[in-house]
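The next block holds one structure in the form of structure tokens; read it before the comments.
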Amino acid sequence: MSDAIQTTATVRTERSATASKTYMAFLAIGILLLAIAPFFFYPIFLMKLLCFALFACAFNLLLGYTGLLSFGHAAFFGGAAYFTAHVVKEWGFPPEIGILVGAAGAAGLGLIMGFFAIRRQGIYFAMITLALSQMFFFFCLQAKFTHGEDGIQSVPRGHLFGFIDLADTTNMYYFVLAVFLIGMVVIWRFINSPFGMILKSIRENEQRAISLGYSVARYKLGAFVMSAALAGLAGGTKALVFQFATLTDVGWQMSGEVILMTLLGGIGTLIGPVFGAGLVVALQNYLATSQFPVTIITGVVFMVCVLLFRRGIIGEFYASRLGRKLGFEHRR
Amino acid sequence: MAQPLLQVSNLNAWYGESHILHGVDMTVGEGETITILGRNGVGKTTTLRTIMGILRERKGEIRFGGKDMLSVPLHKTAHAGLGFVPEERGIFSTLTVEENLMLPPVVAGGGMSLDEIYALFPNLQERRTSPGTKLSGGEQQMLAIARILRTGVKLLILDEPTEGLAPVIVQRIGEVLKTLKARGMTVLMVEQNFRFASKVADRFYLMDHGRMVADFPVGELPQRMDMLHKVLGV
Amino acid sequence: MTMIFGIPLQAFFGQLLIGLINGSFYALLSLGLAVIFGLLRVINFAHGAQYMLGAFVAMLMLQYFGINYWFALLLAPLVVGLFGAIVERLLLSRLYKLDHLYGLLFTFGLALTIEGTFRYLYGSSGQPYAPPPQLTGATNLGFMFLPNYRGWVVVVSLVVCIGTWLLIEKTKLGAYLRAATENATLVQAFGVNVPLLLTLTYGIGAALAAFAGVLAAPVYQVSPLMGSNIIIVVFAVVVVGGMGSIMGAILTGYMLGIAEGLTKVFYPEASNIVIFVIMAIVLLIRPAGLFGRDA
């Protein structure tokens with residue numbers, strides 16, 4: 001077995017009581033900040049950030065807690081955006097159902113892709129997911145309902161539960177925040193469930209998990225579908241925020257971006273990807289006005305992260321003196 | 001006594017977190033055949049791998065022909081005159097027998113020529129175009145030794161050369177080692193087969209808990225038997 | 001007009017040729033990937049970018065120094081190979097002790113950086129690169145007209161593939177390479193400078209990609225995106241072939257190129273996904289790949 005990708009996953013389960021308190025305090029402050037954020041920042045930017053943060057956390061569920069590097073998560077994110085946009089716009093589904101359809105569609109895609117991908121491990125797994133998602137990209141390019149290069153435009157946001165008008169930006173923001181928080185709670189419950197524990201043991205030592213009699217393939221597939229569904233939740237929500245779904249969200253570059261967010265924030269930390277997503281989205285926003293292409297920065301950040309900074313921001317924080325003082329044991 | 005060919009002093013070595021060698025002291029004189037005895041897991045193989053420079057987490061002193069070996073990178077160790085035959089033999093399956101034989105670069109004059117090697121190991125010549133791992137275990141061991149003999153190294157490091165081999169092959173390896181001795185080759189080996197070792201070795205080191213606990217020439221073997229039984233647990 | 005399976009013979013052979021051309025590039029690229037992976041255990045995501053670099057270096061050499069195609073075919077791989085060797089020595093070599101996925105992520109970052117830089121400097125649209133005057137025109141094969149340059153591509157890629165295979169299977173350097181793929185530490189203990197061998201291997205792999213890039217420049221247009229478009233397909237090729245065998249990588253490249261070309265004849269809508277479909281089928285039947293030895 002090669003040594004597993006560096007994670008700080010052990011952190012959460014071995015946190016001391018002080019850390020639990022610190023964690024709760026940080027969590028409360030974080031939610032409060034998110035609740036008042038639209039008074040200080042451009043809400044569309046914040047909503048984009050929340051969607052990508054959830055996407056990155058969903059991706060991390062797979063990489064950080066199961067040790068599987070998917071290079072095809074754009075298919076779930078972008079695919080769900082198409083599904084949600086289509087059922088909301090063409091079939092007149094309400095937004096909450098539209099998003100659920102998106103997540104369910106992504107889960108279905110995840111089931112199919114995962115079925116093939118889990119047949120190989122490590123680097124092959126990454127290449128297979130990349131190839132399959134590229135196949136889905138070509139499908140989206142040619143399928144009728146996606147409208148090819150144009151994408152699905154002017155998707156109505158509709159009324160949440162039939163009476164909350166989501167065309168109103170503030171309403172939309174709190175809806176997105178709610179989706180984000182629900183997604184995070186699901187992830188948190190998932191990784192701390194017995195299922196999540198078995199996934200971690202597979203990540204640490206697959207052979208041992210097999211010898212203990214676990215059906216490793218089934219657990220991996222379960223994690224893959226779960227991760228895909230949550231990525232779909234994020235993608236469907238994003239389609240409503242921006243009111244369109246396009247090929248950009250299913251391209252391989254998007255799969256790369258979510259890897260970067262996770263790597264930058266901290267693989268295997270619950271909230272690291274949120275920070276990673278925040279940084280990447282902010283950077284993109286900042287560079288959007290300049291001529292300088294984001295790709296170069298993304299590429300360089302990727303290389304720097306891999307060479308010098310493999311624990312990511314939150315991982316480094318947990319491992320730092322301050323982090324340890326606050327009770328976040330970093331064990332390697 | 002003249003300066004020994006290999007001088008190891010207070011050698012410590014680690015596999016990651018675990019400290020395996022706790023101050024190994026030993027000398028190997030030019031032309032000597034030395035056998036390290038000891039129970040499983042006391043650090044015999046680690047000693048060989050550390051001297052060879054494969055295990056890099058090490059402290060202490062290793063001098064070969066007076067030259068400090070600790071700072072020498074792995075790919076220069078052979079050029080200093082050390083040749084290694086690993087326990088698992090390390091025959092390459094994607095290389096033919098002859099490619100395996102020719103693989104290690106010649107590092108000094110005085111090595112055997114291909115003809116001499118084939119004269120010493122006629123089986124290898126017959127099978128020179130087969131993939132290396134298609135040979136029998138004994139033939140693979142011969143190949144592993146033979147390919148080092150070509151290189152002209154001064155010290156042959158052997159890790160359990162007779163492990164898992166039939167008696168007739170063991171005897172053959174013993175003959176080979178005697179031939180080498182006659183040519184002046186220095187040999188350092190780890191060996192569990194006590195009978196075999198007592199026939200080829202000049203001197204023994206007894207190892208326990210990561211250090212050498214005794215050192216005696218082959219002639220003292222009879223009076224050392226009680227202690228050997230105690231330490232080896234045989 | 002002669003027909004085959006209800007398709008005009010001309011069109012059939014035309015697509016077969018296009019498939020063979022694409023297959024030539026798949027073979028060259030998957031060969032390089034397999035060589036690098038074998039020894040370094042790194043999936044070189046930058047392989048597509050290095051292919052693109054080859055084409056660009058050839059084009060820029062022509063534009064700025066008037067260096068013609070034939071010299072570019074030698075010089076561009078040299079330049080890109082050197083660049084690859086430097087990257088390996090300074091950066092990539094730091095990652096060998098880690099999980100192999102980090103190598104993939106690093107080279108992905110490298111690919112993005114190279115591609116982004118060229119998009120920034122030269123825009124996203126393709127630029128033409130004329131085939132050398134000696135290879136313009138076409139030859140009548142009786143059943144079809146074969147553009148000379150395309151014929152050259154097929155021949156020279158075959159020669160290079162077989163040459164590389166011979167280098168690995170029949171030479172001393174190749175023996176070092178094969179042995180180090182099996183057990184690098186032991187080869188190093190025998191006195192072979194394995195770190196240098198790794199650098200050399202990555203450099204040769206990058207040079208092979210660049211060679212394919214120069215070869216491709218007159219066939220496709222020279223564009224910063226040409227690398228990322230092809231590399232994902234080549235990944236699928238590599239999954240189908242399994243990276244255990246050099247010859248396997250070559251054969252799979254040609255086979256899948258031809259399969260793609262034939263799909264274009266019979267069911268054009270599926271032509272850009274057929275390789276992925278084949279990959280999925282192979283994963284079901286033989287997860288280790290057609291020529292794979294590693295599980």
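The values are calculated or read from the model by the stated rules, or taken from the named source; none is laboratory data. Being a predicted model, the structure only gives us computed values, none of them experimental. We place every Cβ from the backbone using ideal geometry, glycine too, and count neighbours over all the protein chains shown.
Whether a residue is more than 9 Å from every other protein chain (Cβ to nearest Cβ), under 23 Å from A:Phe125 (Cα atoms) and of a type in the set (Phe, Trp, Tyr) was assessed, and C:Tyr69 does not pass this test. Within the range B:14-55, the only residue that satisfies the criterion of being of a type in the set (Val, Ile, Thr), in a loop (DSSP other than H, G, I, E, B) and either touching an Asp or Glu at 6+ places or on another chain (Cβ under 7 Å) or at positive phi (or both) is B:Val42.
Candidates are the residues of the range B:167-213 that are of a type in the set (Val, Ile, Thr) and within 17 Å of the chain's Cα centre (by Cα); the one that is surrounded by the most Cβ atoms within 10 Å (Cβ to Cβ) is B:Val190. Considering (1) crowded, with 22+ Cβ neighbours inside 10 Å; (2) assigned to a loop (DSSP other than H, G, I, E, B), the lone condition that C:Phe291 does not fulfil carries the number (1). Condition check for C:Glu182 on (1) facing another protein chain (nearest Cβ under 10 Å); (2) touching a residue at least 60 places away in the same chain (Cβ under 8 Å): one failure, at (2). Checked against (1) at the interface with chain C (Cβ under 9 Å from one of its Cβ atoms); (2) within 29 Å of A:Ile182 (Cβ to Cβ), A:Ala277 meets all criteria but (1). The criterion of at least 3 residues that are within 14 Å of chain C (Cβ to nearest Cβ) and more than 15 Å from A:Gly251 (Cα to Cα) is met, among helices (runs of 4 or more DSSP H) falling completely within the range A:61-150, by A:95-117, A:122-142.
The residue list A:Ala277, A:Ala282 contains one member that is in contact with a helix residue (DSSP H, G or I) (Cβ under 7 Å, 6 or more places away or on another chain) and either part of a helix (DSSP H, G or I) or farther than 22 Å from A:Ala53 by Cβ (or both), which is A:Ala277. Of the candidates B:Gly137, B:Gly132, the single residue that is within 11 Å of another protein chain (Cβ to nearest Cβ) and not basic (Lys, Arg) is B:Gly132.
Inside the range A:286-332, can you point out the residues that are modelled with pLDDT under 80, touching a helix residue (DSSP H, G or I) at 6+ places or on another chain (Cβ under 9 Å) and assigned to a loop (DSSP other than H, G, I, E, B)? Result: A:Gln291, A:Leu326, A:Gly327, A:Phe328, A:Glu329, A:His330, A:Arg331, A:Arg332.
Just give me the residues in the range B:85-111 being of a type outside the set (Gly, Ala, Ser) and within 7 Å of chain C (Cβ to nearest Cβ), in sequence order.
B:Pro86, B:Phe92, B:Thr94, B:Leu95, B:Glu99, B:Leu103, B:Pro104, B:Pro105, B:Val107
Selection of helices (runs of 4 or more DSSP H) fully inside the range A:155-267 by the criterion of at least 2 residues being of a type outside the set (Phe, Trp, Tyr) and modelled with pLDDT of 90 or more returns A:169-191, A:216-242, A:252-265.
Residue by residue through the range B:63-84, note down the ones that are part of a strand (DSSP E or B) and either at the interface with another protein chain (Cβ under 10 Å from one of its Cβ atoms) or over 16 Å from the mean Cα position of the chain (by Cα) (or both). Result: B:Arg63, B:Lys67, B:Asp68, B:Leu82, B:Gly83, B:Phe84.
Among the residues of the range C:91-128, those identified as more than 10 Å from chain A (Cβ to nearest Cβ) and over 16 Å from C:Met226 (Cα atoms) are C:Ser93, C:Tyr96. Given the structure, is A:Ala282 of a type in the set (A, V, I, L, M), surrounded by fewer than 16 Cβ atoms within 10 Å (Cβ to Cβ), at pLDDT below 85 and more than 27 Å from C:Leu95 (Cβ to Cβ)? When the stated conditions are applied, A:Ala282 does not pass them. Being away from chain B (no Cβ under 14 Å), touching a residue at least 60 places away in the same chain (Cβ under 8 Å) and surrounded by fewer than 23 Cβ atoms within 10 Å (Cβ to Cβ) is not true of C:Tyr202.
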